[in-house]
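Here's the structure we're looking at; comments come further down.
The values are calculated or read from the model by the stated rules, or taken from the named source; none is laboratory data. Owing to the predicted nature of the structure, the values given are computational and were not obtained by experimental measurement. Don't worry about glycine lacking a Cβ; one is built from the backbone with ideal geometry, like all the others, and counts go over all protein chains shown. These area figures cover heavy atoms from the full protein model, side chains too; ligands, DNA and RNA do not enter into them. Shrake-Rupley method; radii C 1.70, N 1.55, O 1.52, S 1.80 Å.
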Amino acid sequence: MTGTDVLDGGFADAAVEASHAFRAAMNAMARPGRILDIGGGRAPAPVSGAAASLLLTLCDRETPLHLAGAHDCAAVRDWIAFHLGSPLVGRGSAMFALGTWEALGALTDYPQGEPEYPDRSATLIVEVEALSNQGARLTGPGVKDEAFLDLPDVEAFRRNAALFPLGVDCYFTQAGRIAALPRSTRIG
């Protein structure tokens, strides 16, 4: 994306696309493991359309955001400054974080919430190469019997779930699709 593209990025039809993206984001978190189409907001590479849609829908100037790895580049920073206004922060201060699994680092590097305020935890947006309903078995709130989701590190998510009600929530994004794994989900 060029400088002009940064200004043109975002949603083509903001009202309709933001509404669809918000509904998809909430449905994904309410139904762990379900892969949903969120559409595609436009952002500079390497940000996927799904990740752009989540950022445009869930973040604003009062949402501290951490960018990890290749996502922490001038084009993405400029896009965030123009479209979101989110302050860019380190892992320990982030409400949201964006990057690949490898770049994001340990889940415990992010705010986990506090016993009195478990909602003061981070949500990670993990960019993945593929989303698939295979792999780890998911049970718990929002899962009728069981669901399956290919996770980058099953043990890390088991440890995260053991912290409930503390811990982080995660979205997985690929192209225009998302899946979510809230901290309340048990991983078999």
Under the definition of Cα pairs under 8 Å and six or more residues apart, what whole-number percent is the relative contact order of segment 23-163? 21 percent
Candidate values [x] 11.3; [y] 9.7; [z] 10.3, label of the one derived for mean projected area of the Cα convex hull in nm²: [y]
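Determine the relative contact order of segment 56-137: mean sequence separation of Cα pairs under 8 Å and six or more apart, normalised by residue count, in whole percent.
29 percent
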Given the C-alpha centroids of segment 8-45 and segment 87-139, what is the distance between them in whole angstrom? 18 Å
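Suppose we keep just the DSSP beta bridges with both residues in segment 51-188; what percent of those would be antiparallel, to 5? If you can, show how the numbers build up before the last one.
Details: 12 of 26 bridges.
Around 45 percent of the beta bridges assigned by DSSP in segment 51-188 are antiparallel ones.
Thr100 to Phe164: FRET efficiency via 1/(1 + (r/R0)^6), r the Cβ-Cβ distance, R0 35 Å, to the nearest 0.05?
Numbers: r = 25 Å, r/R0 = 0.72.
Computed FRET efficiency for Thr100 and Phe164 comes out at 0.90.
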Can you tell me which of Ala45, Ala147, Ala25 moves the most in a GNM of the chain? Springs connect C-alpha atoms under 10 Å apart. Ala45
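Treating the beta-carbon of each Lys and Arg as +1 and of each Asp and Glu as -1, no other charges, what is the dipole magnitude of the chain about its Cα centre, to the nearest 20 debye? Don't jump to the answer; show the numbers that get you there.
On the way: 15 positive and 22 negative charges, 94 e Å.
In debye, rounded to 20, the chain gives about 460.
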Along the charge dipole of the chain, which of Ala15, Cys170, His66 sits closest to the positive end, that is, farthest toward it, with unit charges on the beta carbon of Lys, Arg, Asp and Glu (+1, +1, -1, -1)? Cys170
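If Lys and Arg each add +1 and Asp and Glu each add -1, what is the summed charge of the other residues whose beta carbon sits under 10 Å from the beta carbon of Gly167? Please report the intermediate quantities before stating the final value.
Numbers: positive: Arg159, Arg183; negative: Asp169.
That works out to +1.
Carbon and sulfur atoms: what percent of the 1.4 Å accessible area of the chain do they account for? Before the final figure, lay out each step's value.
Numbers: 4500 of 8720 Å².
The value for the chain is 52 percent carbon and sulfur by accessible area.
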Show that you can apply the helix-only estimate: for the chain, add -39,500 (n - 2.57) for every DSSP H stretch of four or more residues, divide by all residues, and state [θ] at 222 nm to the nearest 500. -8500 deg cm²/dmol
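With an 8 Å Cα cut-off and a minimum separation of 6 or more residues, compute the relative contact order for segment 63-103 in percent. Display every interim value, and only then the final one.
Working: 51 pairs, mean separation 27.3, N = 41.
Relative contact order of segment 63-103: 66 percent.
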